[in-house]
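Novice: The structure follows.
Read-outs throughout are calculated quantities, based only on the coordinates presented, and are distinct from any laboratory measurement. These numbers come from a predicted model, not from an experiment. For neighbour counting, all protein chains shown are included, and Cβ atoms are generated from backbone atoms with ideal geometry for every residue, glycine included.
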C-alpha cells in the first residue's frame, strides 16, 4: 500500500485519490481527482457570484475569477479527454463508455476544454 493518497488508474490513466479507513490500512473509497477538482470549483464560483451580486467584489476581480475557473475547467477537460483518447475509455460520473463512443466523447472533451482554456487565457490577459 502506498503512503501517498494519489495514484493513477492502470486501466483508464486518470488520477485517483485513495481515502483509507482511520483504524485500518485498507482503502475505504476511491475518488477521481478530476471530479474532486470540478466539485471544489463550484463553491468558489458560487461564492464569487454571490459576492459580485452583493457588491462586495468589483467587476475586474470577478472577471479574473471567472477566467481562472474557465482555465482550470479547460485543463481538466483536456486532461480527461486526452486520457480517454489514449485508452479508449471515457468516464462521466458513474457511467463508463468504451470504444467509438468513448473516443467521440473524449474528442469533444478535448476540443471544448481547449476552447475553454483559450477563453480563460484571453480573459486573464484582458483583465488589468
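Novice: Can you tell which of 71, 42, 89 shows the greatest fluctuation in a Gaussian network model of the chain with Cα springs below 10 Å?
Specialist: Of 71, 42, 89, the Gaussian network model singles out 42 as fluctuating most.
Novice: Would you compute, from DSSP H runs of 4+ residues alone, the mean residue ellipticity of the chain at 222 nm, taking -39500 (n - 2.57) per run and dividing by the full residue count, rounded to the nearest 500?
Specialist: About -22000 deg cm²/dmol.
Novice: With N denoting the number of residues in the stretch 32-126, provide Rg(C-alpha) divided by 2.2 N^0.38 Å, to two decimal places.
Specialist: The value comes to 1.24.
Novice: Could you tell me the calculated FRET efficiency between residue 124 and residue 46, based on Cβ-Cβ distance and R0 = 22 angstrom, to the nearest 0.05?
Specialist: My answer for the efficiency is 0.60.
Novice: Expected output is a single nm value to one decimal: the length gained when fully extending between residue 39 and residue 11, i.e. 0.36 nm times separation in residues minus the C-alpha distance. What is it? Walk me through the numbers before you get to the answer.
Specialist: Details: separation 28, 0.36 × 28 = 10.08 nm, distance 2.33 nm.
Length gained, residue 39 through residue 11: 7.7 nm.
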